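Structure first, commentary second.
Nothing in this text is a laboratory measurement; each read-out follows from the coordinates by a stated rule. On a predicted model such as this, the values are computed, not experimentally measured, just so you know. Methodologically, a virtual Cβ is constructed for each residue, glycine included, from the backbone with ideal geometry; neighbour enumeration extends over all protein chains shown.
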Amino acid sequence: MKKTNNKKTFYITTPIYYASGALHIGHCYTTVACDAIARFKRMDGYDVFYLTGTDEHGQKVQQAASEKGMTPQAFVDGLAERIKKLWERMDISNDGFIRTTDKAHEKAIADIFTKLYEKGDIYKSEYSGKYCEPCESFWTNSQLVDGKCPDCGREVKDAKEECYFFRLSKYADRVKKLLTETDFLQPDSRVKEMVNNFIDKGLNDLAVTRTSFDWGIKVPFDPKHVIYVWIDALPNYLTALGYGRDDAENYKKYWPCDMHVMAKEIVRFHSIVWPAILMALDVPLPKRVYGHGWITFGGDKMSKSKGNVVDPFVLTDRYGVDALRYYLLSSMPFGEDSSYTSELLLSTINNDIVNDLGNLVRRTLAMSKQYFDGRVAKPAAKELTAADREYVAAIDGLLNGVRADMDKPEFNKALEKIFGVIDLSNKYIDANKPWELNKTGEKQRLNVVMYDLLESIRVVANLLLPFLTKYPRRIFDGLGLPVPADFAAAKYGVVKAYATTEIEPILNRLDIKKELAELEKLAESTERNNAERSAEPHDEQPSELISIDDFFKSQLLVVDIEACEKVEKANKLLKLTVFDGTRRRTIVSGIAKAYAPQELVGKKAALVANLKPAKLCGIMSEGMLLCSVGDDGLPRLVMPTGNAGDKIC
């Protein structure tokens, strides 16, 4: 790929999200924030590369896949597709999507590991210390907080394991200087935390391989070791650009990264471990690492009684993508923890989108149509009053103000400035009373007022394009203008004449009490559906070829069905008691729409007897019943002949 222009480049990344479960609006927050920056920079003249992706290796992924009776690859394939669908739903404009199971990434990581080993920055030894299983992290006693994991606060246990280590301690002084003498890490509050809690307590060398699981990239020269997350995941920001290849034009063009963005719990990895790895590789450092705060849920855990539905698919289905994007960007100061409640989401929609922006656009376009049949011409400069010129100055100053906030970045302040002009515009209507000017026949003055309002709406819509992806485009339809690709015209007086049409509102005012009740119902429905989907893992498993040896690993037995009942709050599930010739087992099966429980008692079924037990809707299921699919699309049990315990060939 050849460089085709002389634009300044801008490379921004989200973290790669761990593929062990569904994403929520906390992940959306990071990704939408990066998207707003990327869109703004593109419109402001930059050549942007925006990267996101998935971290797909590790013990937790392997365990999660096993619990669902899936191979790890099939498990992460399904999750990666759902994550991509979520980003499509949220109108995320990423240029790259990296998966750590990509073959090119795996090869590059093996090469990076080998390079660090040959340089002497990776060595083999034995780890003995404290291990946090949920975080998959080793700790020393001095790093623990109240005897628990400093990251998640959970209990740790003693562990001993042969590992390869990265010489993190070698780079402690250089990393401390980077954090304390530059603006590499932001906001500033994160710097003190990293230096005091980690560097000054002593940076120990870092275990970067594991032998207790095998789902990951093998060490090329010692394949019983799996390369662990520090070396596997963090360099995705390089490998996505082609680092290590001769034809890595994107790497040459976009590195070093302008901004890594992530939630504060993984700032330590990005501000200490990552720069040390890059120093060891002799690779230029990123320009900035930004750790934003957490989203909490009403100050505590999610609560259906408070209407706290946080499934982004549910929220966007009901209120649209723009509403959720606006709420995330406007209501949460980027560096601080912020509380999510559905009440706040709904009131933000009502107050800002419906009342302020929506009413301004609706009123102005309606008056333009009523008074001038939609045709409003640019007035002469001498026709503007002192108050008009003050209003115009606010419009013209908007771009630079928003640009300054986006460089920090402070999305909420940028949107405050934009909505400040919206508020000025609504006050401008009230002060000038276009309806009275029309009534008294002051057409020239009325034309000035309407043109000024249309110009303010146009500039506001232009500057909203990085934040909201749908409604500003509809506004430009109402203005009779093409959607701008940049900010070149984000100033007063550009349009010589308007030919406007009225448009439908983006949203109507919401009844908050009724909406909260409806969201509670949706939460309960979503919870039931998720439980039922978890009971049918193979429905979403991508098909893949297996060998005859894989097939013969399955132990298929004839079983007698002795009892059967419905699973409460799960429309598709039945709980069966079966006898396999040796013992009785509990089986949970998604066949409730095909059979009434009483139909199955006394029948025979085919059981996969050596499937790992899994908990479905709180019930431990000890196997799986074989089914075919009937003409009606419902599952039909395979009912063999023979006695309980007979093997099925």
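At a Cα cut-off below 19 Å, give the aspartates and glutamates reachable from LYS85, other chains included and same-chain residues fewer than 8 away excluded. Filter leaves ASP35, ASP55, GLU56, ASP77, ASP95, ASP102, ASP311, ASP317, ASP322, ASP539, GLU540. When a/c reaches 1.5 or more, the comparison of a/b and b/c decides; with that in mind, is segment 310-401 rounded, prolate or oblate per its Cα gyration tensor? Note, shape of segment 310-401 comes out oblate. The peptide list 577-584, 274-281, put in order of mean Cβ contacts within 10 Å with the highest first, becomes 274-281, 577-584.
Angle of helix 72-89 to the longest C-alpha principal axis of the chain, folded into 0 to 90 degrees and rounded to 10: 10°. Rg/Rh for segment 544-637 stands at 0.97; both radii use Cα atoms, and Rh follows the Kirkwood definition.
Considering only the other residues whose Cβ falls under 13 Å of the Cβ of THR501, what net charge follows from Lys and Arg at +1 and Asp and Glu at -1? Every neighbour counted, the sum reads 0.
Fewest-first ordering of CYS34, CYS163, CYS135 by other beta carbons within 10 Å of each residue's beta carbon gives CYS135, CYS163, CYS34.
Note on GLU599 and GLU249: their simple-model spin labels are 6.1 nm apart, each label 7 Å out from Cα toward Cβ.
Give me the angle, in degrees from 0 to 90, between the Cα long axis of helix 359-372 and the longest principal axis of the Cα atoms of the chain, rounded to the nearest 10. Around 40 degrees separate the two axes. Its alpha carbons give segment 205-356 an Rg and a Dmax of 20.7, 64 Å. May I ask for the angle, rounded to the nearest 10°, between helix 398-407 and the longest principal axis of the chain, with both axes built from Cα atoms and the value confined to 0 to 90°? The two axes meet at around 30 degrees. Under 5 Å from the amide H of ILE591 lie the amide H atoms of LEU574, each residue being 5 or more positions distant or on a separate chain, with H modelled from the backbone and absent for Pro and chain starts. Normalising the average separation of contacting C-alpha pairs (under 8 angstrom, six or more residues apart) by the number of residues puts the relative contact order of the chain at 12 percent.
For LYS382, the aspartates and glutamates whose Cα falls under 20 Å of its own Cα, not counting residues fewer than eight places away in the same chain, are GLU390, ASP396, GLU442, ASP452, GLU455. Label positions at ASN355 and ASN643, each projected 7 Å from the Cα along the C-beta direction, are separated by 7.8 nm. Let me make sure I get this right: for segment 48-137, a, b and c are the square roots of the gyration tensor eigenvalues over alpha carbons, sorted descending. Under 1.5 in a/c it's rounded, otherwise prolate if a/b > b/c, else oblate. Which is it? Verdict is oblate for segment 48-137. Is segment 314-499 best put as rounded, prolate or oblate by its Cα gyration tensor, with a ≥ b ≥ c the root eigenvalues, rounded for a/c under 1.5, and otherwise prolate when a/b is larger than b/c, oblate when not? Prolate, since a/c reaches 1.5 and a/b exceeds b/c. For the set LYS8/LYS264; LYS124/LYS218; LYS107/LYS130; LYS124/LYS176; LYS60/LYS124, the pairs lying more than 21 angstrom apart at their alpha carbons are LYS8/LYS264; LYS107/LYS130; LYS124/LYS176; LYS60/LYS124.
Over the C-alpha trace of segment 11-161, radius of gyration and Dmax come out as 18.6, 54 angstrom.
For the chain, the ratio of Cα radius of gyration to the globular rule of thumb 2.2 N^0.38 Å stands at 1.15.
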